[in-house]
Amino acid sequence: MDEVVGAGGINLNLNDYANYIEKLRNKSLLTKESHELIFKPISMNMELHSEDLKILLDKESS
């Protein structure tokens with residue numbers, strides 16, 4: 001099998017996918033403004049409903 005199938009029924013061969021990834025990484029696929037908007041870091045201020053999750057709130061990840 002030499003195709004990647006996405007959830008929306010996207011069919012592409014591996015060469016096309018590799019070219020897409022390369023252009024995305026090299027920032028040559030989108031305009032600078034679009035790339036910055038899409039990959040802008042976000043803050044996820046999530047509300048914690050479980051006591052199990054609340055104890056992890058201030059812990060450092062390892």
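The values are calculated or read from the model by the stated rules, or taken from the named source; none is laboratory data. All of these numbers come straight from a predicted model, not from anything done at the bench. Because the Cβ atoms are built from the backbone with ideal geometry, glycine has one as well, and the counts that use them run over all protein chains shown. Side chains are part of the model used for accessible areas, which takes the heavy atoms of the whole protein and leaves out ligands, DNA and RNA. Shrake-Rupley method; radii C 1.70, N 1.55, O 1.52, S 1.80 Å.
Results, tabulated for the structure shown:
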item	result
Selected residue [surrounded by 10 or more Cβ atoms within 10 Å (Cβ to Cβ), among the polar types (S, T, N, Q), out of contact with any Asp or Glu (no Cβ under 9 Å at 6 or more places or on another chain) and at pLDDT 90 or above] from N19, N26	N19
Close pairs (8 angstrom Cβ cut-off, 6 or more residues apart or separate chains): free of Cβ contacts under 8 Å to residues at least 12 places away in the same chain in region 28-41, surrounded by fewer than 10 Cβ atoms within 10 Å (Cβ to Cβ) anywhere	L30/I38
Any pair with Cβ under 9 angstrom, 6 or more apart, that starts in region 13-27 at a residue that is polar (S, T, N, Q) and ends at one that is at pLDDT below 90 and open to solvent by less than 100 Å² (accessible area, probe 1.4 Å)	N13/D2; N13/E3; N13/V4; N15/D2
